[in-house]
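I have placed the structure first, in the form of structure tokens, so that the comments after it can refer back to it.
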Amino acid sequence: MSFKLPDLPYDFGALEPHIDAKTMEIHHDKHHGGYTTKLNAAVETENISSSNIEEILANVSKYSTDVRNNGGGYYNHNLFWEILNPNGGGNPTGDLGKAIESTFGSYEKFKDEFSKAAASRFGSGWAWLVNENGKLKIGSTANQDSPLMDISDFKGKPIIGLDVWEHAYYLKYQNRRPEYIEAFFNIINWEKANELFKA
Amino acid sequence: MSFELPKLPYANDALAPHISENTINFHYGKHHKTYVDKLNGLVKGTEFENADLETIIKKADGGVFNNGAQVWNHTFYFEALSPKAKAKPEGKLLEAVEKTFGSFDQFIEDFSNAGATLFGSGWVWLVKNSDGALEIMQGANAENPIKDGYTPILTMDVWEHAYYLDTQNARPKYIENFFKVLDWRIIENRF
């Protein structure tokens, strides 16, 4: 069995003007597609029997750097597409909305802290909102490392992930990463984030 | 005293079509400049306020190191490019390349491979070690071999911002283009 590149749950242009169609196409087809192909090659080479990506990441210290990089890239992008939605944005709803308020004080404070984590990640990586044993936490990881990895120094179950590799925003925002981060808040799929929070 | 953005030794459009004017406008005009500006802000009132970049690379960490090293790395990168690039080294440098890598073509292959396989953001370096021999090194993010006692003679930026407007996900194509504007005359002088 091999891992499949999931279809985007919306058109390439659906997230305009926040994320442009060309970026979405290259990001999904080439970057995510590349991680998927390379992950499958690594899984075969290393005779990894698990077909559960979360399980593989939780034990990633046992495998090669290829599995770490491409498995992380595969999982992180799967999550990223799901927590975006053309009709998203606004204030977080449901239990997650309440938990964000009680943990960070307000949605605005959450937004500030998350934006800071995303802006200050030097080089390539991801900013995260995770659930660690019922507690919400904000942080970031380098490259394609995931909070699910046993080797990560920032751990938890991902609820929201923001890709801050330059490939995620360079065609539209170039060096202006903060503008891309600001735009992200207009397309967060809070419904999906709530599902991930409760799971 | 403050750090300054050095002038480019060519016009922003001079390296086209290999590296586009648009890329140079952002890479030099925004990224390189922002590292200089941030560094000046960060060193104010610290022990590094009047330090040179080599000292910062050797002794600083965190934001001062990241921005200081990125200023140095970008200057070293842009300085070695030219619209009238010498395509191949001669003399002592060529001898050293052949001694270490077998041939100039093999060096290009090894260096290109190091560039293509560096995961995430970073730089690929050709350095002289303490015995005077050549080595290829990969460095993540702002890393610079001076910190570990090596003498850099060539660097290639493989942060996505160095090529994304021109070749997007196709980093190997950027690496090919890089060698078309890399001026070996300058690398010979550094060696």
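Assorted remarks:
- Selection from segment A:115-131 of residues that are closer than 17 Å to residue A:188 by Cα and under 13 Å from the mean Cα position of the chain (by Cα): A:118, A:126, A:127, A:128, A:129, A:130
- Restricting attention to segment A:92-136, the residues that are in contact with a strand residue (DSSP E or B) (Cβ under 6 Å, 6 or more places away or on another chain) and closer than 25 Å to residue A:35 by Cβ add up to 11.
- Only residues that are surrounded by 17 or more Cβ atoms within 10 Å (Cβ to Cβ) and under 25 Å from residue B:180 (Cβ atoms) were counted across segment B:121-143, and they come to 12.
- Of A:64, A:50, all but one fail to be among the polar types (S, T, N, Q) and open to solvent by less than 30 Å² (accessible area, probe 1.4 Å); the exception is A:50.
- Selection of segment B:1-25 for residues being crowded, with 16+ Cβ neighbours inside 10 Å, assigned to a helix (DSSP H, G or I) and in contact with a helix residue (DSSP H, G or I) (Cβ under 7 Å, 6 or more places away or on another chain) yields only B:23.
This table checks each residue for (1) touching an Asp or Glu at 6+ places or on another chain (Cβ under 7 Å); (2) open to solvent by less than 20 Å² (accessible area, probe 1.4 Å); (3) without any contact (Cβ under 8 Å) to a residue 24 or more places away in the chain.
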site	(1), (2), (3)
A:152	yes, yes, yes
A:156	yes, yes, no
A:168	no, yes, no
A:176	no, no, yes
A:185	no, yes, no
A:188	no, yes, no
A:193	no, yes, no
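- Here residue A:129 meets each of (1) in a helix (DSSP H, G or I); (2) touching a Gly at 6+ places or on another chain (Cβ under 9 Å) with one exception, condition (1).
- Matching entry among A:101, A:113 (being assigned to a helix (DSSP H, G or I), of a type outside the set (Lys, Arg), away from chain B (no Cβ under 14 Å) and closer than 30 Å to residue B:66 by Cβ): A:113
- Exclusive hit being open to solvent by 20 Å² or more (accessible area, probe 1.4 Å), modelled with pLDDT of 95 or more, not in a helix (DSSP H, G or I) and not basic (Lys, Arg), set A:16, A:44, A:55: A:16
- Residue count for segment A:58-89, restricted to those that are assigned to a helix (DSSP H, G or I), among the polar types (S, T, N, Q) and more than 10 Å from the chain's Cα centre (by Cα): 4
- Pair list, Cβ under 7 Å, 6 or more apart: segment B:130-146 residue not assigned by TED's automatic domain parsing to the domain that holds residue B:75, other residue among the basic types (Lys, Arg): B:134/B:128; B:146/B:58
- Residues (under 18 Å from residue A:167 (Cβ atoms), charged (D, E, K, R) and either outside any helix (DSSP H, G or I) or away from every other protein chain (no Cβ under 14 Å) (or both)) located in segment B:123-162: B:157
- Exactly one residue out of A:101, A:132 is closer than 24 Å to residue A:198 by Cα, charged (D, E, K, R) and in contact (Cβ under 8 Å) with a residue 24 or more places away in the chain, and it is A:132.
- Scanning segment B:163-191 for residues that are among the aliphatic types (A, V, I, L, M), more than 21 Å from residue B:12 (Cβ to Cβ) and within 14 Å of chain A (Cβ to nearest Cβ) yields one hit, B:170.
- Under the condition of being farther than 17 Å from residue A:121 by Cα and surrounded by 19 or more Cβ atoms within 10 Å (Cβ to Cβ), the residues counted in segment A:139-150 number 2.
- Residue, nearest to the other protein chains (Cβ to nearest Cβ), within segment B:112-122, restricted to residues that are in contact with a strand residue (DSSP E or B) (Cβ under 6 Å, 6 or more places away or on another chain) and farther than 15 Å from residue B:77 by Cα: B:118
- Residue A:67 falls short on exactly one of the conditions (1) touching a Ser or Thr at 6+ places or on another chain (Cβ under 8 Å); (2) away from chain B (no Cβ under 11 Å), and that condition is (1).
The values are calculated or read from the model by the stated rules, or taken from the named source; none is laboratory data. Here the structure is a predicted model, which means the values were calculated and not measured. Quick reminder, even Gly has a Cβ in these numbers, built from the backbone with ideal geometry, and neighbours come from all protein chains shown. Accessible surface is based on the protein model in full, side chains and every heavy atom, while ligands, DNA and RNA are left aside. Shrake-Rupley method; radii C 1.70, N 1.55, O 1.52, S 1.80 Å.
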